[in-house]
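*Asks:* Structure incoming, see below.
The values are calculated or read from the model by the stated rules, or taken from the named source; none is laboratory data. Worth saying up front: this structure is predicted, and the values here are computed from it rather than measured. Reconstructed Cβ throughout: ideal geometry from the backbone, glycine too, with neighbour counts over all protein chains shown.
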Amino acid sequence: MKIHNPFRVAFIATLGVGLGIVLISSIQTLSTILLYVGTALFLSLGLEPAISFLERRRMKRWLAVLITVAGILAAFTGIVLMIVPIIVDQISQLVVLISDALDEGVEPFLADFRTWLGGVFPYLDVDRVLQYVTDWVNSLDFAAIGESVIAFGAAVVAGIAGGFIVMILTIYFTASTPNLKAAVYQLVPASRRARFIDLAEQITDSVGYFVMGQLSLGLTNGVLSFIFLSIIGAPFTAVLAVVALLFSIIPLVGTLTGSAIIVLTCLLPGVGSPGTALAAAIYYLIYMQIEAYVLAPRIMSRAVSVPGAVVVIAALAGGSLLGLLGALVAIPVAASILIIYRQVVIPKMNEL
C-alpha cells in the first residue's frame, strides 16, 4: 500500500485552492468585459438569420454582413435623430412638472383623484388609502434622490460607452462567425464532429430567431403604443413609446413592467388624468393577451418552443445572476439545453 507524503498532499491542495481563488477573482475583475463579449456574441447570433437570408440570394458573406450592419445602424441612427429631440423636450417638460408638483405638494392632485376614485369604488376607504400615500411622499428624502439621479446619470454615460464597445465587438463577431465556428468545430473529434455541428447549428439558429423575434415584438409594441397613446392624448407620447419598445425586448415581465410605468405616467398631475390612465391600462391588458396568444407564437414559431414553467425559472435565474442581460439570454440558453436534452440525452437513455 502506497503512503502519500502529507506535506505534498497539503501543498498540492493549497495550490489548488489558491488557483481557484485567483480564477474567481479574475472572473470578478473581468466581469464587465465578459458581459460585453457575451452581449456581442448574443447580438451577432441574432443578426445571423438576416445574413443567411442574404447569402441564400447568392450574395457574398462580406457584402451580406456589410448590408445588414449598415441597415441596422442606419435605422438606429434615423430613429435616434427623429425621436431624441422629442424625447429631450418631453423629458424637460416632465422634470418641470415633477418639480412643480413637489413645490405645490400632492394635495391638489389627490383631491381630484379622491373624487374620481370615490366614484368608481364607492365602498373603498379612499381617505385612508390616500393618507398612506401622502405620508409616504412626505417621508421621501429628496437629497438622497438627487444623489441617486447623479449616480444614474453617471451610469447612463458608462452605459453609452459600453454600448459603443458592444457595437464594435458585435460587428467583429458577425463578420468572423464562420471562422469562429470552424475553429470550435476543429476541437471536436472527427467521429463526432458531424453530430456536434448539427446540434451547434440548431442552437445558434434558435438563439438568432429568438433575438430577432424579441426585437420584432419590441418594435411592434413601440409603434402601436405611439399610435394609441397619441389617440388618447397621453403625455410624453414619444418617451412612453420608447419605454414600451425597450421593455418589450425583456422576456416574461418586460411588457408588464413597461405598461405599468406608462399607466403611472398617465396619472401625473397637470398633464395626465385618471381617465387617460384607465384607457391605457385597458389597452395594455388587451395588448398583452394578443401578444401572448397571437403575436409571440407567430413571431417565435421558428425558435425552439420552451415550456412556460421553464421560461419563468430561466428568466428568474438569469436575471438574478446577470441582471437584464441574464434575463435576455436565459430563454435561448434554456432552449439550447432542451435541444441537447431531446436529441442527445433521451436517445442515449433509450439505448440503455
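*Asks:* Which members of region 205-219 meet the condition of being surrounded by 19 or more Cβ atoms within 10 Å (Cβ to Cβ), touching a helix residue (DSSP H, G or I) at 6+ places or on another chain (Cβ under 7 Å) and touching a residue at least 60 places away in the same chain (Cβ under 8 Å)?
*Replies:* S206, V207, G208, Y209, F210, V211, M212, G213, L217
*Asks:* Would you check which residues across region 242-295 are of a type in the set (A, V, I, L, M), crowded, with 17+ Cβ neighbours inside 10 Å and in a loop (DSSP other than H, G, I, E, B) and list them?
*Replies:* Hits for region 242-295 are I249, I250, L252, L267, L268, V271.
*Asks:* Being among the hydroxyl-bearing types (S, T, Y), at pLDDT below 80, in a helix (DSSP H, G or I) and closer than 23 Å to I203 by Cβ: is that true of S301 here?
*Replies:* When the stated conditions are applied, S301 does not pass them.
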